[in-house]
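Below: the structure, in structure tokens.
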Amino acid sequence: MSKLRYDYRGERYLLALATPLEELQAIQSLYTMRLVAIFIIGIMVAVLFSYLLTKRLVTPLSRLKEEVNKIENRRFNEIQPVNATGEIGEVEQSVLDMAKELERYIHSQKHFFQNASHELKTPLMTIQGYAEGVKDGIFEGEKADRSLDLIVKESERLKKIVNEIILLAKLDSEEGIYHPENISIEKLLKETQERLHPLAAEKDVQVKIDVETNRELFVDEEKMLQALINIVSNGIRHAHHTVWLRSFERGGDQVLQIHDDGDGVPEDLLPQLFHRFVKGNEGETGLGLAISRAIIERSKGSIHVYNHENGGAVFEIIM
């Protein structure tokens, strides 16, 4: 490369710069090699990132989709853990919990309908048998009267079962069925005692009330009374002499306790006592305690049962 220049006297001179071609080619080759190396490293980083992204996101999501499809088709026994981490792992755990709850719900519904069909079938067959006997003249006179009494009795039992099934369904699904208001505990317990006085007198059982704390509960009065009546009537049927209704505070919670002096609940029956159509001795429809639990849980409370060390069953409602 050359350029024409002038000195301070105005005379011209020629400035020439020379660079060896080999050095330029070497610099160009080095620059090209570095670009290729950067390009290769970039590709490797991209491939590695894609692999990690696929392993941590795409693959777990694809497998999670497969497990959700199994849940959709109710193939619960085929569900396998995805073993994802991070937020996907949390979603996976939620999906697995949902699957377990859905499986439990479907199983309980099948069990419920099986038991319901059995409980409804028994009085229907009784009604049909006696009605046909009266119609065909098999039962006459006093036998016909007893047959008609049994038909009426079984019809009332059938009506009660149907009404309780309808109530359970409404408690599970309808919002408008529950109307909470402030009601004192003492009033609830005294009303329960009064409504069950005929049954207690028939069984020669005393129902005693002990109110240590008389707070107000925000509940549906009639529904809560029904829950208490179901539990206390169960205690009256199994008590020897006394049923105690107590109210007290424990750990900041309000506790309503129903304790009878009977023989207690059989140990094998305790875990399923609040399930539908589970009946103990002298049980009626097997739905009373299930309705009580549904009402109490709808009231944002919980109910537990255990056998007292000195005898008798203890129901505790915690609000």
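Summary table
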quantity: Failed criterion for T126 (all others in (1) under 26 Å from V162 (Cβ atoms); (2) at pLDDT 80 or above; (3) out of contact with any Asp or Glu (no Cβ under 8 Å at 6 or more places or on another chain) hold); calculated: (3)
quantity: Odd one out for N182, checked against (1) under 31 Å from the mean Cα position of the chain (by Cα); (2) open to solvent by less than 40 Å² (accessible area, probe 1.4 Å); calculated: (2)
quantity: Criterion violated by E297 - all others in (1) within 30 Å of E156 (Cβ to Cβ); (2) in contact (Cβ under 8 Å) with a residue 24 or more places away in the chain satisfied; calculated: (2)
quantity: Out of E194, E154, E202, E132, sole residue that is modelled with pLDDT under 90, outside any strand (DSSP E or B) and exposed (fewer than 14 other Cβ atoms within 10 Å of the Cβ); calculated: E132
quantity: Set E103, E92, E72: member being at pLDDT 75 or above and open to solvent by 100 Å² or more (accessible area, probe 1.4 Å); calculated: E72
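Every residue, every condition in (1) closer than 30 Å to V95 by Cβ; (2) open to solvent by 100 Å² or more (accessible area, probe 1.4 Å); (3) assigned to a helix (DSSP H, G or I); (4) modelled with pLDDT under 70, yes or no:
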{"site": "L4", "(1), (2), (3), (4)": "no, no, no, yes"}
{"site": "Y8", "(1), (2), (3), (4)": "no, yes, no, yes"}
{"site": "M33", "(1), (2), (3), (4)": "no, yes, yes, no"}
{"site": "M44", "(1), (2), (3), (4)": "no, yes, yes, no"}
{"site": "K55", "(1), (2), (3), (4)": "yes, yes, yes, yes"}
{"site": "R63", "(1), (2), (3), (4)": "yes, no, yes, no"}
{"site": "N77", "(1), (2), (3), (4)": "yes, yes, yes, no"}
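The values are calculated or read from the model by the stated rules, or taken from the named source; none is laboratory data. Keep in mind the model is a prediction, meaning the values are calculated, not measured. We place every Cβ from the backbone using ideal geometry, glycine too, and count neighbours over all the protein chains shown. Side chains included, ligands, DNA and RNA excluded: accessible areas come from the protein's heavy atoms. Shrake-Rupley method; radii C 1.70, N 1.55, O 1.52, S 1.80 Å.
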